[in-house]
Amino acid sequence: MNVMKQKRITKSNFFSSLCFDKKPWQSNYLAMYSSQWNGITTDPDLMMIPADDHLVHRGDGAFDVIRCFHGRIYQIEEHLQRLEKSVKAISLEFPAGYNRIRDLITELVLTGGEKECLIRIIVSRGPGSFTINPYDCPSSQLYINVVRSHTLPREYYEKGITLVTSRIPIKKSFFANIKSCNYLPNVLMKKEAINGGSRYSVALDENGFLAEGSTENIGVLTADGVLKFPGFERTLLGITASRVFQLAGDLKKENMIKKVKFADISPEDAYNAKEIFLTGTSINLLPVVKFDGRVIGNGLPGAVYSRLSALLWKDMTENSDLLMEINWKNT
C-alpha cells in the first residue's frame, strides 16, 4: 500500500503553509494578547495556543468573561476577583503580565476598536508536556481575547424563550465553584438544548433542585411572590445574577415581590411560577415563557422581568462605581 507523505513544516515555511481561506467564525475576533509572545495581534490566524499547553489537552486553566458596554467595562473588579479565586483554587501561579491586567485589557479593547465587545481572559498551566503532570509545565500563561459582542434577537426579550431540563450530570460543588476551562458538561448541555428544539437548558443538582444553565444562572418568581435564585454552593457564582439579586431589593420596596432569596427550587415550583428568567454576562436578563413544554405565567415576559431589566440597564449605563472608563479620544 502506498502511503502519501505529508509536507514537512518548518519555521521557514510555516506561514506559507497556513490555509488562509476565509473562516466566517473568525469575523468577530478583534484582538489577542499572549504572554507566550508578550504582544498583541489583530490577525485571527495568529491567535494560537500550543497543543502541549495543559489548557488544550487537559482543560487545565481558569477563565472569565467581561463585557465592554457602550465603550466602558462593566463590573471588571467582580470578574477579576472571581478569576483570581478560580486560579488559586486549582493552585495556579499568576503568569507574567497579570499584574498589569487592567492596562492590557484597556489596550486590547482599544486595539480591537469596538465599543461593544467581550473580553475573554484565560490563565493556563502552560506548555510543558502532553502528560497529566502539572509540574512538567515550567510557567503559567495568560491569554486574552477580545471578540465582538452581538445582541440576541429582539424577539427573545419581547416574546421570551423556551427552557428544558438537562439530563447532563451537574458538576460536584468543588468544580462547580471554579470557572475552569473544563466545560465539557456545559457544551453537552448546549448541544442537548439545541437538539431538543430549544437554545437553553437548566441542570438539576443531586437533590433534584434547579441548578444552572450551560452558561447562565436562573431566577424564579414563585406563585407566592418570592423571587428565588439557586444558591452558589452547587453553582458558579454568577456576577450578573449577584447584581440582579441586589437590584431586586428595589422590587421588594415597590411591593412587586414579597422577598428575594437564595433557596432550593424544585422543577414543580418552576412549572407553577409566575415568571422565570435567565441571567448572564452576554444576555443580561432573558425571560422564559415555557419550561419543559409548560407555559409559565401567562406565556409572556412578566412585570418583574421588565423592571429588573430596566434596573440592570441603568446600572450598566450609569453606575460609575461599576464602570471602568476607557479613553477613546485618540482612537
query: Tally time: how many residues in the range 134-160 are part of a strand (DSSP E or B), of a type outside the set (D, E, K, R) and under 19 Å from the mean Cα position of the chain (by Cα)?
result: 6
- prompt: Quick one: is Val147 surrounded by fewer than 17 Cβ atoms within 10 Å (Cβ to Cβ), out of contact with any Asp or Glu (no Cβ under 7 Å at 6 or more places or on another chain), β-branched (Val, Ile, Thr) and farther than 22 Å from Leu251 by Cβ?
  reply: no
query: Inside the range 245-331, counting only helices (runs of 4 or more DSSP H) that do not spill past its ends, which hold 2 or more residues that are among the polar types (S, T, N, Q) and under 22 Å from the mean Cα position of the chain (by Cα)?
result: 303-318
message: Taking the conditions exactly as written (surrounded by fewer than 18 Cβ atoms within 10 Å (Cβ to Cβ), touching a residue at least 40 places away in the same chain (Cβ under 8 Å) and closer than 26 Å to Asn177 by Cα), does His70 satisfy them or not?
response: no
- prompt: Leu110: at pLDDT 95 or above, more than 28 Å from Val244 (Cα to Cα) and not acidic (Asp, Glu), yes or no?
  reply: yes
- request: Can you confirm whether the range 21-29 contains a residue that is at pLDDT 95 or above and of a type outside the set (S, T, N, Q)?
  value: yes
message: Scan the range 208-218 and tell me whether some residue there is more than 17 Å from the chain's Cα centre (by Cα), at negative phi and not small (Gly, Ala, Ser).
response: yes
field: Odd one out for Ser17 among (1) modelled with pLDDT under 85; (2) within 22 Å of Gly126 (Cβ to Cβ); (3) among the small types (Gly, Ala, Ser)
entry: (2)
message: Name the single residue that is farthest from Phe69 (Cα to Cα) among those in the range 115-133 being crowded, with 17+ Cβ neighbours inside 10 Å and under 19 Å from the mean Cα position of the chain (by Cα).
response: Ser124
- prompt: Out of curiosity, is Asn217 more than 23 Å from Glu84 (Cβ to Cβ) and of a type in the set (S, T, N, Q)?
  reply: no
- line: Gly208 passes all but one of the listed conditions (1) in a loop (DSSP other than H, G, I, E, B); (2) free of Cβ contacts under 8 Å to residues at least 24 places away in the same chain; the exception is number (2)
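The values are calculated or read from the model by the stated rules, or taken from the named source; none is laboratory data. The model shown is predicted, which means the values in this text are computed figures rather than measured ones. Positions of Cβ are backbone-derived with ideal geometry, glycine not excepted, and every protein chain shown enters the neighbour counts.
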